[in-house]
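Worksheet: one structure, shown below.
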Amino acid sequence: MAKLNQIIAVEKGIKSKSHQDLTAAQQGLQKPVLLSGISRTYQPKDEEGEQLPPESTRVQVQAEDVLRDTATTLTRLFDVTATKDWANCSARADVKVDGRVLLTAVPVSYLLFLEKQLTDLHTFARKLPILDASEFWVQDPSTDAWKTEPVRTVRTRKVPRNHVKAEATENHPAQVEVYYEDVPVGYWTTVKFSGALPARRVNELVGRIEKLQQAVKFAREDANGADVTDEHVGDAVFGYLFGTGQG
C-alpha cells in the first residue's frame, strides 16, 4: 500500500507529463494533412492510352485513437490526484510541543495553513521593538509601560559678567571684557517611558514560534506517512466523456 507522501511525490511528474501529452495531442489534431488520406486509380480511355500507377496517402492520425490515448494519460492524473485528495480528508496528526499535545488530529490542509501563518508570525516577531539596552528599565503599573529611574540634571542660564582688564586712568577709560557664566537656575528630573519589549521577551516569543514551526512540520510528515487507498475515478469520467454510447 502506498503512502500519502509517495503519492504527493509522483503527482507533480504525472501532472507535467499529462500536460505535455495533451498539448502534443492538440497539436497533432490541428494538422489536417495528418488526418487526411486518399486513394485513386487511373484508367485510360482506351487500351492504347497511357497507363498511370495508383496513388494513395495513408491517414496518419485517427481522432478516436487520440481520444483513447488522451483518456489513458489523463486517467492516471485523475486517479493520483483523487487518491491524494481523498487521503488528505482523512490524514491527520497531533501537533506536539515538548511532549505535550497542543492540537489534536489536525488535517494536512490545516497543517499547511499553520506553516504559512507561523512563517509570517516569525517575521513579525523578529521585528518587534526592543528596549534600549543602554538604559535600566522597570515596569510602571500606572502607565502599563516601561520606565527608567529618575535622572536629575541641572538647568543653567548664561549670565553676563564683566572682567576688568585695565583700570581706568585720567587719560583712558577702564578696559572691560564681557563674558558669560553658566549659573544654575533649576533642576530637571527626567523619566523615560517606552512601549517596547525587553530583548528576553522577544527572544522568548521567537523561540516559541520556532518550536511550534518544528512541531507542525513533524506533524505534517507524520500525517503524510499515512497509508492511502488507490482511487479510480478516471475510467468513470472518461468513459462518460469520450464514450461512444448514449450519454
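The values are calculated or read from the model by the stated rules, or taken from the named source; none is laboratory data. The shown structure was predicted, so the numbers you read here are calculated from the model rather than taken from an experiment. Neighbour counts are summed over all protein chains in view; Cβ atoms, including those assigned to glycine, are modelled from backbone coordinates with ideal geometry. In case anyone asks, the SASA skips ligands and DNA or RNA and just uses the protein heavy atoms, side chains included. Shrake-Rupley method; radii C 1.70, N 1.55, O 1.52, S 1.80 Å.
So what are the radius of gyration and Dmax for the Cα set of the chain, in Å?
My reading of the Cα-based Rg and Dmax gives 43.5, 162 Å.
Per DSSP helix of 4 or more residues, -39500 (n - 2.57); summed, then divided by the residues of the chain. What does that give at 222 nm, rounded to the nearest 500?
Computed mean residue ellipticity for the chain: -15500 deg cm²/dmol.
In 10 Å bins starting at 0, how do the alpha-carbon pair distances of segment 143-200 split up by percent?
Spelled out bin by bin, segment 143-200 gives 18, 22, 18, 15, 11, 8, 5, 2 percent.
What number comes out for the charge environment of Asn203, summing +1 per Lys or Arg and -1 per Asp or Glu over other residues with Cβ under 13 Å away?
+3
Which three extents, in angstrom, do the Cα atoms of segment 26-78 have along their principal axes, listed largest first?
Sorted from largest, the Cα extents of segment 26-78 read 65, 16, 11 Å.
Contour minus end-to-end for Tyr180 and Ala145, with contour as 0.36 nm per residue of separation and end-to-end as the Cα-Cα distance?
Gain on stretching Tyr180 to Ala145: 8.4 nm.
May I ask you to list the aspartates and glutamates whose Cα is less than 18 Å away from that of Lys147, ignoring any residue fewer than eight positions away on the same chain?
Straight-line reach from Lys147, under 18 Å: Asp132, Glu135.
Using only Cα atoms and rounding to the nearest 10 degrees, what angle (0 to 90) does helix 108-126 make with the longest principal axis of the chain?
30 degrees
For Leu52, what charge total do you get from the other residues with a beta carbon under 15 Å from its beta carbon, if Lys and Arg give +1 and Asp and Glu give -1?
Around Leu52, the charge tally is -3.
Give me the number: length gained by fully extending Glu204 to Asp69, i.e. 0.36 nm times residue separation minus the C-alpha to C-alpha distance, one decimal in nm.
Result for the pair: 42.8 nm of gain on full extension.
Which FRET efficiency value, to the nearest 0.05, do you get for Thr189 and Phe124 by plugging their Cβ-Cβ distance into 1/(1 + (r/R0)^6) with R0 = 35 Å?
So the FRET efficiency works out to roughly 0.40.
Give the residues of segment 8-27 whose amide nitrogen is closer than 18 Å to a point set 7 Å from the Cα of Asp230 in the direction of its Cβ.
So the set is 8-15.
Accessible area per residue for the chain in Å², computed with a 1.4 Å probe and the full protein assembly in place, what is it?
75 Å²
Given a 1.4 Å probe and heavy atoms of the protein chains only, how would you sort Glu231, Glu177, Glu50, largest accessible area at the top?
Heavy-atom accessible area, descending, gives Glu50, Glu177, Glu231.
Which links in Lys3/Lys211; Lys3/Lys217; Lys15/Lys217; Lys15/Lys84; Lys15/Lys96 stretch past 23 Å when you go from one Cα to the other?
With Cα atoms farther than 23 Å apart: Lys3/Lys211; Lys15/Lys217; Lys15/Lys96.
Evaluate the charge dipole of segment 192-247 about its Cα centre and quote only its size in Debye, nearest 20, assuming +1 on the Cβ of each Lys and Arg and -1 on the Cβ of each Asp and Glu.
Computed about the Cα centre, the dipole is about 920 debye.
Given R₀ = 25 Å, FRET efficiency for Ala9-Phe218 by Cβ-Cβ distance, to 0.05?
Taking R0 as 25 Å, the efficiency between Ala9 and Phe218 is 0.85.
With the Cα gyration tensor of segment 41-114 in hand, give its eigenvalues times 5 under a square root as the equivalent ellipsoid semi-axes, listed largest first in whole angstrom.
71, 8, 6
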